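Take a look at the structure set out below.
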Amino acid sequence: MAVVDVSRRTLIVGGTSALVGAGLGAGATAYVTTQRTGPTLWQHADRSGAPPVTGLHTQFGSDAATEVVVSWHTAVAVENPHVLVGTPDDGVGNAVAAETVTYRDALSRSEIRVHHARLTGLAPDTDYVYAAVHDGADPELGSVRTAPRGRAPIRFTSFGDQSTPMLDAKVAASFGSDHVGSPAAGDITTAVERLAPLFHLVNGDLCYANLAHDRVRTWSDWFENNTRSARHRPWMPAPGNHENERGNGPIGYGAYQAYFGLPDSGSDPELRGLWYAFTAGSVRVIILANDDICYQDGGNSYVRGYSGAAQKRWLEKELERTRSNKDIDWVVVCMHQTAVSTGNKTNGADLGIRENWLPLFDRFNVDLVVCGHEHHYERSHALRGTLPTDTLTPNPVDAQPGSIDTSKGTVHLVIGGGGTSIPSNTMLFPEPRCRVLMSVGAVDPSTGRKTPNYIEEAAPWSVFRDRDNPCGFVAFDVDPGHPGGNTSMDATYYAVSGPFGEVRAVDKFTLTRPRTDR
Ligand SMILES: [Fe+2]
């Protein structure tokens, strides 16, 4: 329950689950003072008829030390959506109005309103508590920690290809998951919470709404499953091919673009949020939208080249700026489709990535790439340049076990066992080989998609593949090191099993590089 006492302007929030869940050690009752003017509300949703705050989640702004966006959605218009934000010591105090973004789902014709409250001017490395609310609704509580400024230890996690654990009603009055979901999609969220990262990277293919007969429900299910984590730590997504939904937005990403309030990359408004970057500690994270450059026809429509190379121009400038910044040591790219995979009869690697992104990753010494699209876990050696093949096979340059020097090359991780019902850990080539999608032909009437043309090659870049576990994620722990020395990043791939998100370390390695300030 929650009560707002108008005379004292004090919000008394009963129950502690949100605050305890955030690790803030709150007592039985939290007292939080509002700064709002004018009459405040008796929050009683069943009397007011206002829709609840649904799908509460957070994102970082481009400076994760000072900017957080708090978001939720409703299926009808609401009045006065806003967030009350403060610190655990001082309570929820300042009101920040939310901006509402809408999209109309082209299948169901239902209109979804997504409310984004942008919190700016926050203090680095600080816990905040907040309440998201609109008139007539009970406030939903969350907390978020800003990133440290500059070099400091941070932890982040990553996986892609999650889906949802919910069952959907099917047309023939039966129940099932028509969007490749499975219970593991819930287990993995529980598991991420065990690691309590500062933020989580979602490597595309979030909920597979574009395969569902009820796309809005599927998005809602995804947020319902993940709000227990995403309201406490930003989930920063990259768009995958299954975020491409027929009829939604100018190129199919209208739902994705509405649900997330992501850093501005200066792109045209219709391409807002598809690619972006943010800084957390000494890490610059760059999110890419690979449908723009991939050959594969993997969404509801074929959109290759939609940015007219604007994304590539942005990436080059972004990398140039980042590598000239002496406060940044690590460049981490998060994207969906992959340049490397030893999956057989899966999507494989896409030549478009090797042609467009890898030369830039080489030129600007990108340290780490996390991706998905293939529903298993595998790791490459540090890669730099290409072998003399038509497929532009990435060239392994540092085959050391254990500690890997990323100033010599980029390590690629496929982390796509996020929980779907079709994992690919049992579909790997016996020996490391790679199917590279080189081009597409005419539309195949049986699939409705352009026919892919593959070339199979040896994969000398491959170092580790998990054949045993269908579901897992990676946690990264950044150690800033000392002036004049190296910085390092310990990575652990955890397999996930069971309803309580049991984790078991399966692959461990350390990335290292000289600090840029030395
Ligand atoms: Fe995908």
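Details
- For the range 257-282, the residues whose backbone nitrogen is under 17 Å from a point 7 Å from the Cα of Ser62, taken along Cα to Cβ, are 261-281.
- Trypsin sites (Lys or Arg not before Pro) restricted to the range 132-212 and DSSP loop, no more than 13 other C-beta within 10 Å: Lys170
- 10 Å Cβ shell holding at most 14 others, DSSP loop, chymotrypsin sites (Phe, Trp or Tyr not before Pro): longest site-free stretch of the chain: 43-499
- Close amide-amide hydrogen proximity is noted between Phe464 and Arg379, each under 5 Å apart and 5 or more residues distant or on a separate chain (H modeled in the peptide plane; Pro and chain starts excluded).
- Share, in percent, of DSSP beta bridges within the range 160-514 that are antiparallel, nearest 5: 70 percent
- Backbone N within the range 449-474 under 11 Å of label point (7 Å from Asp390 Cα along the Cβ vector): 454-456
- What you get for the chain, charging only the Cβ of Lys and Arg (+1) and of Asp and Glu (-1), is a dipole of about 460 debye around the Cα centre.
- Amide H contacts under 5 Å for Thr487, placed H, 5+ residues apart: Arg513, Arg515
- Within a straight-line Cα-Cα reach of under 24 Å, Lys408 can be paired with the following lysines, leaving aside sequence neighbours fewer than 8 residues apart in one chain: Lys312, Lys317, Lys326, Lys508.
- Ile422-Tyr454 pseudo-label distance in nm [points 7 Å out on the Cα-to-Cβ vector]: 1.3 nm
- Added length on full extension, which subtracts the Cα-Cα distance from 0.36 nm per residue, Ala505 to Glu99: 142.0 nm
- Axis angle, to the nearest 10 degrees, between helix 310-323 and the longest C-alpha principal axis of the chain: 90 degrees.
- Anisotropy class of the range 94-211 from Cα gyration tensor, a/c 1.5 cut: oblate
- Theoretical gain in end-to-end length, Asn325 to Asp264 [0.36 nm per residue, Cα-Cα removed]: 20.0 nm
- Table column - 3J(HN,Hα) (Hz), the range 358-369, Karplus curve with 6.51, -1.76, 1.60, x for Gly and Pro: 4, x, 6, 4, 5, 4, 10, 6, 4, 7, 8, 10
- Residues of type lysines that Lys345 reaches as a straight line, Cα spacing below 22 Å, ignoring anything fewer than 8 places off in the same chain: Lys450
- C-alpha center-to-center spacing [the range 288-362, the range 448-518] in angstrom: 18 Å
- Where labels lie 7 Å past Cα in the beta-carbon direction, separation of Ser407 and Thr120 in nm: 3.7 nm
- Computed from backbone phi with θ = phi - 60° and the Karplus coefficients 6.51, -1.76 and 1.60, the 3J(HN,Hα) list for the range 176-187 is x, 10, 8, 10, 6, x, 7, x, 4, 5, x, 4 Hz; x is used for glycine and proline.
- Calculated FRET value between Glu79 and Asp490, using beta carbons and R₀ = 41 Å, to 0.05: 0.30
- Mean-position separation - Cα centroids, the range 155-222 and the range 240-270, in angstrom: 18 Å
- Positive-end residue of Asn210, Ser380, Thr189, charge dipole of the chain with Cβ unit charges: Ser380
- Dipole axis of the range 365-518 (+1 Lys, Arg; -1 Asp, Glu on Cβ), positive-most option in Trp461, Thr447, Phe473: Thr447
- Taking Cα atoms only, the orientation of helix 215-230 departs from the longest principal axis of the chain by about 80 degrees.
- Summing charges over all other residues whose Cβ lies under 15 Å from the Cβ of Ile112, with Lys and Arg as +1 and Asp and Glu as -1, gives -3.
- Spin-label pair Ser446/Leu360, simplified geometry with 7 Å Cα→Cβ offset, distance in nm: 3.7 nm
- Taken over the chain, the percentage of Cα pairs per 10 Å bin, counting from 0 up to the bin with the maximum distance, is 4, 19, 31, 27, 13, 5, 1, 0.
- Helix content alone sets the calculated 222 nm mean residue ellipticity of the chain: runs of n ≥ 4 DSSP H residues at -39500 (n - 2.57) each, divided across all residues, give -3500 deg cm²/dmol.
- Amide hydrogen proximity for Leu428: with H placed 1.01 Å from N in the peptide plane, the residues at 5 or more positions away or on another chain lying under 5 Å are Asn344.
Readers should treat all values here as calculations from the given coordinates under stated rules, not as data from a laboratory. Treat the numbers as computed from the prediction; the structure is a model and nothing was measured. Note that each Cβ is placed from the backbone with ideal geometry, even for glycine, and that neighbours are counted across all protein chains shown.
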